[in-house]
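To keep things clear, I will list the structure first and then write my remarks on it.
The values are calculated or read from the model by the stated rules, or taken from the named source; none is laboratory data. A quick note: this is a predicted structure, and the numbers were derived from the prediction, not measured. In this analysis, Cβ positions are derived from the backbone assuming ideal geometry, glycine residues included, and neighbour counts consider all displayed protein chains.
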Amino acid sequence: MAGLFLLMLILFMADMLTGSTQMAAPDVLKALFGSGPAGDEIIVMQFRLPKALTAILAGAAMSVSGLLMQTLFRNPLAGPDVMGVSSGAGLGVALTLLTLTPLFTLAEGSILSGWGVILAAWAGAGAVMIIIMAVSVRMRDIMTVLIVGMLLASAISAVVSLMQYFSNEVMLRTYVIWTMGNLGNISYPQIRALALATAAGLAIAFTMVKPLNAILMGETFSRTVGVRMQRTRIVLLASASILAGSVTAFCGPLAFIGVAVPHIARLLFGTSDHRILMPATALAGAVILLLSDIISALPGGGHIIPVNTVTSLIGIPVVLWIILGKTGLGRRF
Amino acid sequence: MTRSLLLTVTAALILTSCRHAGQHQAARPAPDTAIAGRLTIEREKYYFKVTVSQPWQNSSGIEQVWYLVPRDSIIPAGISEDHTIRIPVRKMICMSTTHIAMMRALGADSLIAGISGSSLIYDSIVREGLRKGTIRDVGYEGSLNKELVVSLEPDLMMAYGVADPSTGNTSRLSGTGVKVFYNADYLEEHPLSRCEWIRLFGLLTGREEKADSIFRSVSGAYRELAARVREDATSRPKVLLGAPWEDVWYVSPSDSYIGRLIEDAGGHYIYSDMTGPNSVPYSVESVFRRAAEADLWINPGAAESLSEIAAGDPRLASLPLFREGKVWNNRRRVTETGGNDYWESAVVRPDMLLRDLVSIIHPELMPGYDQFYYRMLE
């Protein structure tokens, strides 16, 4: 665990040192401690530092959200988006971008990643969360909740498709770029909000470590050891939604991190015990997203590739590995 | 009655002028042959042959040929009816705002029966026609209302292809009798080549002389001003262009339409080393580095004020040019619903666009000039 933490710190520094423009390591350090030229300082303090901090927060939050969903639904392929939280956030963004056109009548580029889009995404994710909770209170069977969540996600995607169909190219492009995920355009006040939401979500998640372990033993067992299933479900759904919804609001729908990272943590530590798995997943999530961010700037020459393409390319082999049953992870549920 | 009489006279005039031109081709001054665009017009004895090379993006090697034959002539042997347009056209659908601008400049806007994307149109006459129902919005691509297109019975649908149109929805119109012309004006990299497309509209609407005269005077004024700037400007201020989308900044190549305009207006585009057919995504970080040395910023997306830019990405507010307030957008002439004359009439008036840019980049050369398309942000 300490090793993972150390790795996170190393990658954090590496992420600061590498970027889409060339800057020598001593210059980065100077800028970081406020003694470099003003231009360098802006690049480091306004571009690289917020991006690296966002990678840590978003990586940890998405991964833990995925872990909670996998355990709650006892399904190795569950992730933050199975309940439609990401889709809900996407709907909020689509509503702002694609239908409120007079506010964003753009000719070419647009500058719009201000609070409007973030609040819309948050509202969308929150609305979906409330619907899922309402279903969850009425339905005893957790699989029903899963199915309702997935249906809801599909229905929302259809609505978004419809809006895309009727929108113009510029809006479409803006929306598509949003869906590619983005760690790089988040201001410090926004990072503060993301950090608060992540802290709240993680705090709730960490208090649920024991019930989560009990759920793995089956519902009947959980009841006998005094876990109140309905209440536990609601708390877990709330925590997972706050985490995933906030990250999606600030960074767009980050692909695969939520599904893949919990498995990586299980592989690394060879355990299903959430007391270890929870911090391990959070750290591994931060590590992977930092790594993805470093890779996304690799083409050099000022180009970047969208972070989602990188996380998917890391995530897909992991998911394949699970499906092929090589590690038998599925049996741990 | 008067209308049809007028048409007959026009057609007859064209016919005779064709004949004359066929005989004395050299006698007629070529409008402007210095710019090789994608449009080639060849004058044959009884018709015009119009060739569009590379009609859409990444279409090298592809050519589309049309024959413009006067209404009362017989289509010459060996020419397919499918590739023939009878001129002058009486009813047209214009899919792009640039087509509308050219029709308007020629005084041929009454021939427009349909347009696409009513909310993005600036022209007040066309908007009035839309409100009264004399002009209809036929939609675009996936939402193209094919039944409406057919029911309008246009002589021609002036369209544009973003990609190979055979994969798109517009191609489904083949077989309905509607002729679809893929106009490539928006792909022209030189502002004057883009303007030259007005000559096609001149032929189509029987206003050849007028079109040629507009093009000649516009290109003359453009070249004159560009030459004056080359002579008189003592510096080349560095220009930042465009705006980011999230963390991506699509950078226009220097040989693009706007890149040429900046160059001709005596500016030094900060990506002057980048050429190619398409915009390239760069990280905001890397653009920011170059932007730190820029003197002024044009076309910052949809932003209407400096504070809007700062709200979108606070980092941009720390640029020196931003602190000096040297930011101009191309949104002086816009409608409430998003129509922008920059994408409309400016295509026919690159000389005025250049004048705007010279007054921004070299205010000392144009003291007291009030910009037409551009506006300084506050």
Subset of the stretch B:253-272 that is in contact with a strand residue (DSSP E or B) (Cβ under 6 Å, 6 or more places away or on another chain), free of Cβ contacts under 8 Å to residues at least 60 places away in the same chain and assigned to a loop (DSSP other than H, G, I, E, B) - its residue that is farthest from the other protein chains (Cβ to nearest Cβ)
B:Ser254
Which condition number in (1) on the phi > 0 side of the Ramachandran plot; (2) within 14 Å of chain A (Cβ to nearest Cβ); (3) without any contact (Cβ under 8 Å) to a residue 24 or more places away in the chain is the one that B:Glu141 fails?
(3)
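Is the stretch B:299-317 home to any residue that is among the basic types (Lys, Arg) and outside any helix (DSSP H, G or I)?
no
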Against the conditions (1) under 19 Å from A:Glu219 (Cβ atoms); (2) modelled with pLDDT of 80 or more, where does A:Arg140 fall short? Just the number, please.
(2)
Scanning the stretch B:297-324 for residues that are more than 7 Å from chain A (Cβ to nearest Cβ) and buried (at least 20 other Cβ atoms within 10 Å of the Cβ) gives B:Trp297, B:Ile298, B:Pro300, B:Leu316, B:Leu319, B:Leu321, B:Phe322
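Here is a yes/no grid of residues against (1) within 25 Å of B:Asp232 (Cβ to Cβ); (2) of a type in the set (Gly, Ala, Ser); (3) not assigned by TED's automatic domain parsing to the domain that holds B:Ser116:
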site	(1), (2), (3)
B:Ser318	no, yes, yes
B:Trp328	yes, no, yes
B:Asp341	no, no, yes
B:Leu354	yes, no, yes
B:Ile360	yes, no, yes
Restricting to the stretch B:325-375, give me the number of residues that are within 14 Å of chain A (Cβ to nearest Cβ), assigned to a helix (DSSP H, G or I) and farther than 13 Å from B:Ile258 by Cα.
1
Does at least one position in the stretch A:246-260 carry a residue that is on the phi > 0 side of the Ramachandran plot and over 10 Å from the mean Cα position of the chain (by Cα)?
no
What's the number of the only condition in (1) modelled with pLDDT of 85 or more; (2) within 14 Å of chain B (Cβ to nearest Cβ) that A:Leu100 fails to meet?
(1)
Applying the selection to the stretch B:279-298, what residues are closer than 17 Å to A:Arg173 by Cβ and assigned to a strand (DSSP E or B)?
B:Val280, B:Pro281, B:Tyr282
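Is the stretch A:32-54 home to any residue that is touching a residue at least 40 places away in the same chain (Cβ under 8 Å), in a helix (DSSP H, G or I) and away from chain B (no Cβ under 14 Å)?
yes
Residue-wise test of (1) out of contact with any Phe, Trp or Tyr (no Cβ under 6 Å at 6 or more places or on another chain); (2) of a type outside the set (S, T, N, Q); (3) at pLDDT below 95.
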{"position": "B:Tyr257", "(1), (2), (3)": "yes, yes, yes"}
{"position": "B:Asp264", "(1), (2), (3)": "yes, yes, no"}
{"position": "B:His268", "(1), (2), (3)": "yes, yes, no"}
{"position": "B:Asn278", "(1), (2), (3)": "yes, no, yes"}
Can you tell me which residue among B:Val327, B:Val334 is under 20 Å from B:Leu120 (Cβ atoms) and either of a type in the set (A, V, I, L, M, F, W, C) or surrounded by fewer than 17 Cβ atoms within 10 Å (Cβ to Cβ) (or both)?
B:Val334
